[in-house]
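Just below is one structure, and these are the notes that go with it.
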Amino acid sequence: MKRCIFLVLLLMVFATTSCLAAKMGQIAIFTESVGWTDVGTANKAAALMLDEIDITKDVQILGEDDIEKFAEANTDDGELDVIILFGYFPVSLYAPGNGEADDSVGELFLEGGNMILNTADYIFYVTLGGGTNGDTGLKNMTDSNFDLWTDGVACQPTEDGEKYTPRYDGHTAPRSFKISQIDADPEWELEVAFGDNGGGNADPAIIHNTEYDGRVGIVMQVSAVTPKGEVFTDILNNWLPTIVAPDPVEPLDKLSVTWGEVKSSF
């Protein structure tokens, strides 16, 4: 009887963990260059994240050279790793002026089942020389026709926003996702919206590629000073555990001990 009970519990654990995208990996924050904010503000938000993120202990602030090494080392490693940007796309991840339409370090990182999150200026738009990538940066990185031109959209917390990002309380979103574009693309889905305008635009939000399991997220793409670090932290601590398995997987470790105890009782 005990063995049957244990096997049922074990199957429940495997069923739960098998639904998760991957094991949690590392988080890298890039604040060396920014867009639509200043380095000091970005560093303040990064410091808060270093202090408060608890989904993994491996959180670091990296510069231009090290962010490239991070991306290369964490591509196709079986873990969900995260890069956080403040409105500037590092040249070591993607050549300025859309010089690497395909197979850049950044795109390969994304296609390796990882996630890139961005706040402040339009994601993948700004790089060395200013806005030389333009909106083509997002199109190339996602192999889509997405654009984020949504001036004046007023976003408020969604039900998921209230649940997972309690420190997000709404903002005017000039660079938000257009849900209709995402729905029309067979490879992408709107995985979660923490804020939307109730009329087809979302920010903060995360989109998910159903082919290679990569994710792109925007978090208050606005120049105003907002709780960017706090909302990043809420997303990582509260929502990310719904799609990644913990590292180490403690329930399995505990169950292995329990199985030993069960066997000894027969």
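Looking only at segment 99-112, which residues are part of a loop (DSSP other than H, G, I, E, B) and open to solvent by less than 10 Å² (accessible area, probe 1.4 Å)?
The one that is part of a loop (DSSP other than H, G, I, E, B) and open to solvent by less than 10 Å² (accessible area, probe 1.4 Å): 104.
Being in a helix (DSSP H, G or I) and either surrounded by 16 or more Cβ atoms within 10 Å (Cβ to Cβ) or in contact with a Phe, Trp or Tyr (Cβ under 9 Å, 6 or more places away or on another chain) (or both) is true for just one of 161, 134. Which residue is that?
Values: 134 fails: in a helix (DSSP H, G or I).
Matching residue, one of 161, 134: 161.
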**When residues of segment 203-236 are limited to those that are within 21 Å of residue 24 (Cβ to Cβ), assigned to a loop (DSSP other than H, G, I, E, B) and free of Cβ contacts under 8 Å to residues at least 60 places away in the same chain, the one least open to solvent (accessible area, probe 1.4 Å)** = 204
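Any residue at all in segment 88-96 that's part of a loop (DSSP other than H, G, I, E, B), aromatic (Phe, Trp, Tyr) and touching a residue at least 60 places away in the same chain (Cβ under 8 Å)? Please lay out each step first, then the result.
Residues of segment 88-96 that are part of a loop (DSSP other than H, G, I, E, B), as a first pass: 88-96.
Subsequent filtering for residues that are aromatic (Phe, Trp, Tyr) retains 88-89, 94.
From the residues that got through so far, the ones that are touching a residue at least 60 places away in the same chain (Cβ under 8 Å) too are none.
No.
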**Request:** Only residues that are over 25 Å from residue 210 (Cβ atoms) and in a strand (DSSP E or B): list them for segment 113-131, please.
**Result:** 127, 130
**Message:** Given the criteria within 19 Å of the chain's Cα centre (by Cα), of a type outside the set (Phe, Trp, Tyr) and either crowded, with 22+ Cβ neighbours inside 10 Å or at pLDDT 95 or above (or both), does residue 91 qualify?
**Reply:** no
**Message:** Within segment 164-189, take every residue that is touching a residue at least 40 places away in the same chain (Cβ under 8 Å) and outside any loop (DSSP other than H, G, I, E, B) and give me the one that is most open to solvent (accessible area, probe 1.4 Å).
**Reply:** 172
**Sole residue being in contact with a Leu (Cβ under 8 Å, 6 or more places away or on another chain) and among the hydrophobic types (A, V, I, L, M, F, W, C), chosen from 89, 109** = 109
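The values are calculated or read from the model by the stated rules, or taken from the named source; none is laboratory data. Values in this document were obtained by computation on a predicted structure and should not be read as measured data. Using ideal geometry, Cβ is built from the backbone for each residue, glycine included, and neighbour counts are taken over all protein chains shown. Note: areas computed on protein heavy atoms with side chains; ligands, DNA, RNA excluded. Shrake-Rupley method; radii C 1.70, N 1.55, O 1.52, S 1.80 Å.
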